[in-house]
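Accompanying notes for the structure given below.
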Amino acid sequence: MLSIKAKGISSSPTLTIDAKFKEMKANGEDVVGFGCGEPDFDTPQHIKDAAIAAINKGMTKYTPAAGTLELRKAVAKKFKEENGLDYAPGDIVVSNGAKHSLVNAFMAILNPGDEVIIPAPFWVSYPEMVKLADGVPVIANATEEQNFKVTISDLQKVLSPKTKAIVMNSPSNPTGMVYTKDELKQIADFAVSNNLFVVSDEIYEHLIYEGEHVSIASFNEEIKKRTIVINGVSKTYAMTGWRIGYAAAAPEIAKIMANIQSHASSNPNSIAQAAAVAALTGPTDEIERMRRHFMKRRNYMVEAINEIDGVSCLNPHGAFYIMMSIKELIGKTMYGKVINNADDFADLFLEKEKVALVPGTGFGAPEYVRWSYATSMDTIVEGIQRLRNFLEHK
Ligand code: PMP
Ligand code: GLU
């Protein structure tokens, strides 16, 4: 008899689509992929050089489980300078990607049956992570009309005596929406007055095209001590494969997270940690260059999608995703098949035009499909052309 809890955890739909795309490509199929949110750029050279130097210097041993002091100091400096947050190195835990940091965070704060409010559309992994930590995900819906952002009244509706925490993710995967300072302040006040933790995933902080990033932890001491800030190097520095993420929290929470990690995985890769120091402390011109490319791609896609009949999208202000509404197509027959939801649309689009998108179902948004524009402009132009063909010839 296997674990009932474990059997209730689904596989990651983003990674599943990516695997399917790569398999089709390896089989020689003319497929174009917009599935996985992974920058197409290479890791900047100075970061790679730091990793090579670390190997040559013999930095190939275990480090403290929560990460090297050097990296935790660099992270603390980043929080101070970019977010106005004061953390000591002991408040920081470096993990094997922000995914791992999030799992540690939920494990550290949840007791069985504790509810965690997750605003929808949400990134696919949050509900599964909460379940892994014996919590209960509770979804607060944010509609397209409200720019996919939850309001206090949405949160109020799902608040219960069992609510323990709220997940915030601004800029958001999958919607690309960025909460304003005022909106975040209201949510911070709501969390404080209801004695809730906030798990704030800020991994897309540097990928903003309009507006500014504010860390919800930065308003006052009350919200700071109940927020676990999650971040990492995957997206900003094109370092998805290096697997370095980090969390900052009140010392008692950070200690528990570090203890859990000390048994589950020990330290994250020592060489990748040295590379992450170079990423956080090095020049930023490459980061800005990548951001500008993403912005150009976004501008092209948003305009093109909104010119095509049957589909539409908002203009996302951050991250590298577009949620495309397929509401108008639901219930219609395309190529002899009824489109009941985003899964039907995504399956048919992949079959007919060989374009891989992620259906919104896994994001709690079954009338949308997600495009990731972390891919070349040529691929984007091709993907949009295939969308036109697909919808014209239905
Ligand atoms: N949070 C969000 C919102 C993400 O999109 C991702 C991307 N996988 C992660 C966390 C995890 O990133 P990583 O584990 O590569 O640091
Ligand atoms: N976060 C990215 C995405 O949403 C990468 C895949 C994953 O880790 O889920 O596509």
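The values are calculated or read from the model by the stated rules, or taken from the named source; none is laboratory data. Quantities reported herein were computed from a predicted structural model and do not represent experimental measurements. Every residue, glycine among them, receives a Cβ derived from its backbone with ideal geometry; neighbour counts consider all protein chains shown. Calculation scope for accessible area: heavy atoms of the full protein, side chains included, ligands and nucleic acids excluded. Shrake-Rupley method; radii C 1.70, N 1.55, O 1.52, S 1.80 Å.
GNM on the chain, alpha-carbon springs under 10 angstrom: the most fluctuating residue among Ser160, Ser372, Ser312 is Ser160. Build a GNM of the chain with springs between Cα atoms under 10 Å apart, and of Lys354, Lys61, Lys296 the one that fluctuates most is Lys61. Which residue fluctuates most in the GNM of the chain (Cα springs below 10 Å): Ala258, Ala356, Ala88? Among Ala258, Ala356, Ala88, the largest GNM mean-square fluctuation belongs to Ala88. At each listed q (0.10 Å⁻¹), what is the log10 of I(q)/I(0) that the Debye formula gives for the range 239-394 modelled as equal alpha-carbon point scatterers? Rounded to two decimals, the profile gives -0.54.
For the pair Asn341 and Asn299, what calculated FRET efficiency results from E = 1/(1 + (r/R0)^6), where r is the Cβ-Cβ distance and R0 = 41 Å, to the nearest 0.05? Intermediate values should be presented prior to the final figure.
Values: r = 29 Å, r/R0 = 0.71.
Result of the calculation: an efficiency of 0.90.
Leaving ligands, DNA and RNA out of it, report the carbon-plus-sulfur percent of the accessible area of the range 27-178 at a 1.4 Å probe. Before the final figure, lay out each step's value.
Working: 3310 of 6210 Å².
Carbon and sulfur: 53 percent of the exposed surface of the range 27-178.
Taking label positions 7 Å along the Cα-Cβ direction at both Glu351 and Thr60, the computed distance is 5.1 nm, reported to one decimal. Take 130-139, 44-53 and order them by the average number of nearby Cβ atoms within 10 Å per residue, most first; the result is 130-139, 44-53. Per residue, the convex hull spanned by the Cα atoms of the chain amounts to 154 cubic angstrom. The slack in the chain from Asp49 to Asp182, taken as 0.36 nm per residue of separation less the alpha-carbon distance, amounts to 43.7 nm.
Full extension of the chain between His263 and Arg292 yields a length gain of 6.3 nm, computed as 0.36 nm times the residue separation minus the alpha carbon distance.
Determine the alpha carbon to alpha carbon distance for each of Lys78/Lys224; Lys185/Lys225; Lys296/Lys394 and list only those over 20 Å.
On the way: Lys78/Lys224 16 Å; Lys185/Lys225 15 Å; Lys296/Lys394 30 Å.
Listed pairs above 20 Å: Lys296/Lys394.
Given R0 = 41 Å, the distance between the Cβ atoms of Glu328 and Asp42 translates into a calculated FRET efficiency of 0.55. Residues in the chain average 42 Å² of solvent-accessible surface per residue, probe 1.4 Å, ligands and nucleic acids excluded.
Which value at 222 nm does the chain reach when only helices count, each DSSP H run of 4 or more adding -39,500 (n - 2.57), with the total divided by all residues and rounded to the nearest 500 deg cm²/dmol? Don't skip to the answer; put the middle values down first.
Numbers: 14 runs with 166 residues, N = 394.
Using -39500 (n - 2.57) per qualifying helix, the result is -13000 deg cm²/dmol.
Modelled label positions at Asp309 and Asn27, each set 7 Å beyond Cα in the direction of Cβ, lie 3.4 nm from each other. Averaging Cα coordinates gives a centre for the range 51-107 and one for the range 324-382; these two points are 38 Å apart.
Helix check for the chain. Which DSSP H runs span at least 15 Å along their own axis by Cα, with a mean Kyte-Doolittle hydropathy no less than 0.5? Working shown, then result.
Numbers: long enough: 13-26 (19 Å, -0.36); 45-56 (16 Å, 0.26); 69-83 (20 Å, -1.06); 98-109 (17 Å, 0.93); 181-193 (18 Å, -0.28); 251-264 (19 Å, 0.06); 270-281 (17 Å, 1.53); 285-306 (32 Å, -1.29); 342-353 (16 Å, -0.38); 377-392 (22 Å, -0.13).
Helix filter hits for the chain: 98-109, 270-281.
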